[in-house]
Amino acid sequence: MPAIVLVGAQWGDEGKGKATDLLGSDVDYVVKFNGGNNAGHTVVIEGEKYALHLLPSGILTPSVVPVIGNGVVVDLEVLFEELDGLAARGVDISRLVVSANAHVIAPYNRTLDKVTERFLGARKIGTTGRGIGPTYADKMNRIGVRVQDLFDEGILRQKVEAALSFKNQILAKIYNTRAVEADEVVDELLSYAERLRPMVADTSLVLEEALAAGKNVLLEAGQATLLDVDHGTYPFVTSSSATAGGACTGSGIPPTRVSRVIAILKAYTTRVGEGPFPTELFDEDGETLRNNGAEFGTTTGRPRRCGWMDTVIGRYATRINGVTDFVVTKLDVLTGFERLPICVAYDVDGVRHEQMPVNQSDFHHAKPIYEYLDGWSEDISGARTFEDLPANAQAYILRVEELIGARVSAIGVGPGRHEIIERHPLLDR
Ligand code: GDP
Ligand code: IMO
Ligand code: MG
C-alpha cells in the first residue's frame, strides 16, 4: 500500500496539523520526518484545542501509530512534557514510536541557537530559539548525539565531550557565555533514557513492514517548502528538508513507495521570522487577515506577517514537491474583502517572472503583479460542498487552481475538524 506525503506549500502554518487530523481516521501511521519543536500545529477537535510541537498530529487519532522519524531532531524534555500534557487530557500516548537514528537536541544547542541570533543582530534569521539549526549542523558535522546513544553511557559521554571540546571554546571565547559541563549534559540526557527505551525502534523497518502489510502511511512535514534548507528562501529558512524529498530521507521510506503528495496552501500568505515576502501587507488589510485568521504563532506567540495569495509560490511548491493534490485552508478568513488580489507573477527590475527567481536578490526585489477577483460577504463556514460556496469564492479557488497547476482537492472553511469541503478524495479509500 502507498505512502502519502503531506507538506506545507508556503512558509509554514498553513494548517498541516488540521489536514493530518482530517486524514487520521483513514491512515494507520503518521510519521513526522523533519524539524523538531520549532513546529506548532493547532488541531481543534469538538471545540477542544490541541497545540502540538514535536509529536506528529496523528497522535490525536486513537487508531494511528504516531512515528518520530530519523529526520527529526528531538528535545527530550519537550517530548515528555508534550506526552504528559496529552495524557492528562485523556489522549492515549502509548503508541508512539521513535527512531533510534533521530538526533537529540542537546541543551548546549539551545543556548547556541539563541546566542547566534543575538550575534547576527540585524542579519538574524528570527529562529524559534529551540536549538534546531545547531543540532542539524552537528548532524552534518558528524558530532551529533542520536537517540540510540542514550543507551550506552560510555558512548554518550564520548560524544558529548567531543562536541563540547570545541563548542565550549565558541561559547566562552566568541559569545562570552558560560562553558557547559559534559557531566551535566550527560546526566540530563540519561535521565530520559529509561522512559524513552520502550518507544525506540528501527522506524524505517517498522514502516516498510507496515507498507508491505497493506497499511496506509502518512508522512507529515513540519515547516514548509519556502523554509526548506535547499529549496527555501535561504538563509531565511529552517535547517531541515521540509519538502517531499525530505519525506524519504527523513523516514527511510523509498521514493517508489510514495503515491501521492498533498500540499497545504493557505488562501493567503503568512510568514514568521525574517526574510523576503513579496505580497506582504503593511496596511489595514494585513491587520484584518492577522486578526480574522488568528495569525499569532503557536510556538513563539509572535504575530505572523500577512499578505495576499502568491501563486508563483504555489506553482513552485507544485514543482518542487510534485504535488498531486492541494488543500486550500482558511478560505473563510477572506470573507468580507470587497476584492481579492492574487499574485500571478513578479516584476523584478522591469522583468516579468512567472517562476520563482533562483537568485535570492531577485526575490528580495520582486514586486507582485496582481490580478483582482471580486470577494464575497456570506459566511462560508457551514459550506460542505463546493457548490455551497458563493460564486465568487468558487471563482477564487478555480483561478488559484489554474495558476498553481494542480487540483484543489479540499478547502478549509473553519478551524474545526469537520469545517472542510472535500472536492476529490485525498486518499484512495
Ligand atoms: P500548521 O503548522 O501548518 O499545522 O498550522 P498552524 O496550526 O500553525 O496554523 C494554522 C491555524 O489555522 C490553526 O490555528 C488552525 O486551527 C487554523 N485553521 C486550519 N484550517 C483552518 C481553516 O480552514 N479556517 C480557519 N479559520 N482556521 C483554520
Ligand atoms: P510549522 O510546522 C512557521 C521559521 C522561524 C524562522 C525560521 C528558522 O508550524 O509550519 P528555526 O527555529 O527552525 O531554526 O527557525 O523558520 N519556522 C517556522 N515558521 N511555521 C513553522 O513550523 C516554523 N518552523 C520554523 O520562524 O523564521
Ligand atoms: Mg504551525
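A compact table of results
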| read-out | value |
| --- | --- |
| The stretch 1-38 residues near the modelled Asp92 label - backbone nitrogen below 19 Å, point 7 Å along Cα→Cβ | 21-31 |
| Accessible carbon and sulfur surface of the chain relative to its total accessible area, %, 1.4 Å | 51 |
| 0 to 90° range, to nearest 10: angle between helix 107-120 axis and the chain longest Cα axis | 50 |
| Dipole axis of the chain (+1 Lys, Arg; -1 Asp, Glu on Cβ), positive-most option in Ile313, Thr385, Ser241 | Ser241 |
| Listed residue (Phe337, Leu190, Gly416) projecting farthest to the positive dipole end of the chain, Cβ model | Leu190 |
| Size of electric dipole in the chain: Cβ of Lys, Arg +1 and of Asp, Glu -1, about Cα centre, debye, nearest 20 | 820 |
| Accessible area in square angstrom per residue, the chain, 1.4 angstrom probe | 40 |
| Kirkwood hydrodynamic radius (C-alpha pairs) into Stokes-Einstein, the stretch 103-194, 37 °C and 0.692 mPa s, D in µm²/s | 243 |
| Glu280 versus Glu354: modelled label distance in nm, points set 7 Å from Cα along the beta carbon direction | 2.9 |
| Cα gyration tensor category, rounded, prolate or oblate, for the stretch 173-252 with a/c compared to 1.5 | oblate |
| About the Cα centre, charge dipole magnitude for the stretch 103-194 (Lys/Arg +1, Asp/Glu -1 at Cβ), debye | 740 |
| Principal-axis tilt of helix 76-88 within the chain, Cα atoms, nearest 10 degrees | 60 |
| Convex hull volume per residue in cubic angstrom - Cα atoms of the stretch 264-422 | 117 |
| Share of alpha-carbon pairs per 10 Å distance bin for the chain, given as whole % | 5, 22, 31, 25, 13, 4, 0 |
| Three-way shape call for the stretch 147-285 based on the alpha-carbon gyration tensor, with the a/c threshold at 1.5 | oblate |
| Lys/Arg +1, Asp/Glu -1 at C-beta; the stretch 103-194 dipole; positive extreme among Thr127, Val160, Pro107 | Thr127 |
| The stretch 1-149: C-alpha gyration tensor shape, a/c 1.5 cut-off, then a/b vs b/c | prolate |
| D_trans [Stokes-Einstein, Kirkwood Rh over alpha-carbon pairs] for the stretch 72-134, 25 °C, 0.890 mPa s, µm² s⁻¹ | 182 |
| Degrees, to the nearest 10: 203-212 long Cα axis against longest axis of the chain | 50 |
| Stretchable slack from Ala51 to Glu422, in nm (0.36 nm times residue separation minus alpha-carbon distance) | 131.1 nm |
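The values are calculated or read from the model by the stated rules, or taken from the named source; none is laboratory data. As the structure is a prediction and not an experimental result, all values here were calculated from the model. Backbone-built Cβ (ideal geometry, glycine too); neighbour counts: all protein chains shown. The accessibility values were calculated without ligands, DNA or RNA, using every heavy atom of the protein model including side chains. Shrake-Rupley method; radii C 1.70, N 1.55, O 1.52, S 1.80 Å.
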